Amino acid sequence: EAQVTQNPRYLITVTGKKLTVTCSQNMNHEYMSWYRQDPGLGLRQIYYSMNVEVTDKGDVPEGYKVSRKEKRNFPLILESPSPNQTSLYFCASSLNFFNSPLHFGNGTRLTVT
Amino acid sequence: GQQVMQIPQYQHVQEGEDFTTYCNSSTTLSNIQWYKQRPGGHPVFLIQLVKSGEVKKQKRLTFQFGEAKKNSSLHITATQTTDVGTYFCAPNTNAGKSTFGDGTTLTVKP
């Protein structure tokens, strides 16, 4: 089944403890992206990747890192999480950026205390 | 950066009434996509509009792209309870960077 898989679905952590949210797609998509969703603010892009080894900042990249060493994986890394990073995170992928639909993972709800 | 305004933020309708959400951009768009997110779910792609003045229909849903390619709308005829959720527009202009409108949350009273 074609899908985008995010893990974990729920995560509660403490300030400053490094964490990684994994994202994997099995559709051979070139484009991958991370978003955070907060009430009243819609979906805001954190980082994106046009292809392997190519990543770039979205609108809210501060406090996050990503890597794209393989085509299928695009992990989101929070080196030192803070409470303002408490949010719902979505990973998405598409065949290419320009005219293909985004396929979203099921989301990761992160709470930083 | 690109500014996208989506209105209204919330819409409450009686089942059977129509619903429309609007997406307005400050810049000319290459294309625009629409997504639906059910409560507790993830966004799901509905449609993509590319051409100036384009109109596409999916059963009770009608999508329009403005002549100037700066605005778009989604209209639902005779809403049903299955239509509840948040509808997002996602315009594309710059390579790689994707922007979503803030969404319109639709509730339908049976």
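Could you name every residue in the stretch B:75-110 that has 20 Å² or more less accessible surface in the full protein assembly than in its own chain alone (probe 1.4 Å, ligands and nucleic acids excluded)?
B:F88, B:N92, B:A95, B:G96, B:K97, B:S98, B:F100, B:D102
What distance in nm separates the simple spin-label points at A:E79 and B:K51, each placed 7 Å from Cα in the Cβ direction?
Rounded to a tenth, the inter-label distance reads 4.9 nm.
When only Cα pairs under 8 Å and 6 or more residues apart are kept, what is the percent relative contact order across chain B? Numbers along the way, then the final one.
Values: 283 pairs, mean separation 39.8, N = 110.
Relative contact order, chain B: 36 percent.
Need the per-residue list for the stretch A:89-113: every residue with at least 40 Å² less accessible surface in the complex of protein chains than in the chain by itself, probe 1.4 Å, sorted by number.
The answer is A:F97, A:F98, A:P101, A:L102, A:F104.
Throw me the Rg/Rh for chain A, computed over C-alpha atoms with Kirkwood Rh, two decimals. Walk me through the intermediate numbers first.
Values: Rg = 13.1 Å, Rh = 13.9 Å.
With Rg and the Kirkwood Rh in hand, the quotient comes to 0.95.
Please compute the length gained on full extension between A:Q3 and A:F98, using 0.36 nm multiplied by the number of residues separating them and subtracting their Cα-Cα distance.
Details: separation 95, 0.36 × 95 = 34.20 nm, distance 1.99 nm.
Result: 32.2 nm gained on full extension.
Before we go on, tell me the buried accessible area for the B/A pair, both chains summed, 1.4 Å probe, in Å² to the nearest 100.
Values: alone 6170 and 6210 Å², together 10650 Å².
Its buried surface, counting both partners, is about 1700 Å².
Probe radius 1.4 Å, ligands and nucleic acids ignored: give me the carbon and sulfur share of the accessible area of chain A as a rounded percent. Kindly include the intermediate steps, with their values, before the conclusion.
On the way: 2720 of 5370 Å².
With neighbouring chains kept in place, the figure for chain A is 51 percent.
Among A:Q3, A:T15, A:N26, flag the residue with its Cα farthest along the positive direction of the charge dipole of the stretch A:1-44, charges on Cβ as +1 for Lys/Arg and -1 for Asp/Glu.
Selected residue: A:T15.
Round to a whole angstrom and tell me the spacing of the C-alpha centers of the stretch A:1-47 and the stretch B:1-70.
Result: 24 Å between the Cα centres.
Sticking with the crude label model, points 7 Å out along Cα→Cβ, report the distance from A:N28 to B:T62 in nm, one decimal please.
Distance between label points: 4.0 nm.
Taking the alpha-carbon distance from B:K70 and a cut-off under 13 Å, which aspartates and glutamates remain once sequence neighbours fewer than 8 residues away in the same chain are dropped?
B:E54
The values are calculated or read from the model by the stated rules, or taken from the named source; none is laboratory data. Quantities reported herein were computed from a predicted structural model and do not represent experimental measurements. Here the Cβ is made from the backbone with ideal geometry for all residues, glycine too, and neighbour counts use every protein chain on show. All accessible areas refer to the heavy atoms of the entire protein, side chains included, with ligands and DNA or RNA removed. Shrake-Rupley method; radii C 1.70, N 1.55, O 1.52, S 1.80 Å.
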